[in-house]
1. To one decimal place, what Kirkwood hydrodynamic radius in Å is obtained for the range B:427-516 from all pairs of distinct Cα atoms?
2. How much length is gained if the chain between residue B:414 and residue B:678 is pulled fully straight, taking 0.36 nm per residue apart and subtracting their Cα-Cα distance, in nm to one decimal?
3. Give the angle, between 0 and 90 degrees and rounded to the nearest 10, that separates the Cα long axis of helix A:138-151 from the longest principal axis of the Cα atoms of chain A.
4. Please list the radius of gyration and Dmax for the protein assembly as shown, considering alpha-carbon atoms only, with Å as the unit.
5. Which residues among the range B:161-199 fall inside the zone where the amide N is under 20 Å from a point 7 Å beyond the Cα of residue A:59, along Cα→Cβ?
6. In the calculated pair distance distribution of the range B:138-210, what percentage of Cα-Cα distances lie above 19 Å?
7. With r as the distance between the Cβ atoms of residue B:188 and residue B:209 and R0 = 51 Å, compute the FRET efficiency 1/(1 + (r/R0)^6) and round to 0.05.
8. Kirkwood Rh over alpha-carbon pairs of the range A:2-73, then Stokes-Einstein at 10 °C and 1.306 mPa s: what D in µm² s⁻¹, rounded to an integer?
């Protein structure tokens, strides 16, 4: 079947099987920043932004993104031109192995787009679907706080 | 004093990771990739009578099925340790016996994951089930079933008693010491199963290169041990194998294990095709685990609280196979007992086989289990002699210039190395922690009432820095035309940041900047040898190798610079990526020097290899304080504040060092409070998902304060010691001590789950 959706700002059309998970689909078309950590919707390593909301792509079939907009980590920035949140995560030491990082950064973006000046509680809630075993979350929390400060309450 | 080290430079792979560009094992496409799946044993103990694959073979897309009856039978260990490994050779690619629910029975490689899963269901296996051992305390009983009765395994301590390993060391006279002690403490704990849960599960992809060599792309801590162990199991020389470790998604010890790569490799050799094995999250829980342990500590002290005698008895459960069986148990003694001075010390350790999931290396490596008992015992002693827990530790812990006979007596499965403490800032960390947690406001549980009761607890800890006289690391450095340097290391960055730390060390020695170092790590064809990332060794041991290589390169740069600047080598000073003649007040950039050496005159490649081993394993030290709140109606413990001061010598990269400690603490907090294995009556782990096995998320985080207390370790690179493991030792005993301070009950079983606490509270009335 054919699906049409907006991928990282561009309208795209892809051929897909109805039983294909969005996680597998995105990795198949080369978006390897979407990571497989549990496939049960618990770890957040495969998180993407769907119409402004953070969601685990292992829990979605491709038909469910037909007609929608999604953002993956590749849509935020790259080595030459990283997004401010990506830079801030690195500056704050919030990246260790980096496997959870794309999901964490997307969860941060989804949070800050909706809540530009989040309380600590809102930050914790916004990132509660993403597991990290390396950092102990301390520097991730700090990176979100710093990102919000640097963005000065503006959406990005 | 330092220019590049002791600075929080950005992680060299940080932006690549944050932009999702960095390549993990599965991020590269392979044409014609096959998917590997295991058929696993449904019974805990039994003999495979027959395997019928005829139905599975017929399934289109099934390329190969490997099992006991069509594969070779090479005894080996999956523990990725140096050669000869101190773990018993008790494991086979496939055996005719299965030893736990989940043991490998057959391996299928098929053109899709779905076909492989379908084929698994079509294999018929006939088992003769045997009685099983499902508890470590039952393993040594006279009538216990023998788990390893196979003829050709070796290195097992006592097959008849299900003993994978055993050791006893004695210093002084412990029996007499305990008999004559004015104060005695006798306390035991049972620690529990837990899993590392790296967010990237175990994964490897194998393929043949254009020359037909087997390439193993794998998420491993130990690429060189992968090559050696796979060569042995696949019966091919090491020269036919190349192991590449790309970025890896966390490890914590579970990837110090070589037990997927040779299955995929075998299937690639049989089919000529690339093969991928990626464990599911559920499989991850029965891959490798932490050794559960029974730990008993008997302590003899005088009335002032001065310790004279310590006896530690350990029974460690290694599960069905003896991976790290001996050494994890050794470390319960060797990483705990030297912390306290005593004339009489005895360590008696046994590691037993059971028909339960296989244990292995896990951050803390036995010390975590040992401290669960020892640091509670110190609090019990303090109470008995009427002293403050902080004071009792200060008067007994090892000091600068002192040694412990245990360093020499207990090594890595054999004798260790005598170690005098040359750097320690433990008392400074203690004093800071006392302030941070308001220790002086602590009141005994007897004065507390109400549903919610707060309590404060603490503990002190040490670990090691690499395995002395065993761990070897090497590094190669060469200069380029523009004065940049390639640094090639066998050291393995697990996400810990070692690529960054090692680049910083190279930059410091070479008088250049970290961004002028191009690091490439962990590729058995392209990088020199390193034992790998374990035993808290990378900064200390691999850092030493990088420093040695850099010193040699520095000498060559000075020689060329002297030639170019027409002066003596003594007159040359290196600074800011330049060489200066002090006398002539002239200079050349490293770019000039690189080009000169490569193209102009007396051409040669400026470059050198450096290796390093250490005679000692200097311990990092740590003081921990915690405040908790106990809900006496439900038994639930909430951690309010966790304070941790760590002496890791010079922190080469303070932010990354803090990150190591913070990560270890939060891992340790859920180990202490929520992580547990629920087994059914056959020893099958029933809760293998993140829904049912609770690791902390960001909402569970207490107020967490980590502070580094830099000492200077003269044997380490720029004064560094290790930092990666020690943090995980704190949560269990510190929280257990706080629990006692809150409600007057002691935790001896873990995790400290609400129903367990409630049960204890009810017993106390």
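Every number in this text was worked out from the coordinates using simple rules, so none of it is lab data. All values reported here derive from a predicted model rather than from experimental measurement. Virtual Cβ from ideal backbone geometry, glycine too; neighbours counted across all protein chains shown.
1. One decimal place: 18.4 Å for the Kirkwood radius.
2. That works out to 91.6 nm of additional length.
3. Approximately 90 degrees, to the nearest ten.
4. Reported Rg and Dmax, both Å: 27.7, 88.
5. Of the residues in the range B:161-199, B:199 have backbone N under 20 Å from the label point off residue A:59.
6. Pairs farther apart than 19 Å: 71 percent.
7. Result of the calculation: an efficiency of 0.40.
8. Answer from the Stokes-Einstein relation: 134 µm²/s.
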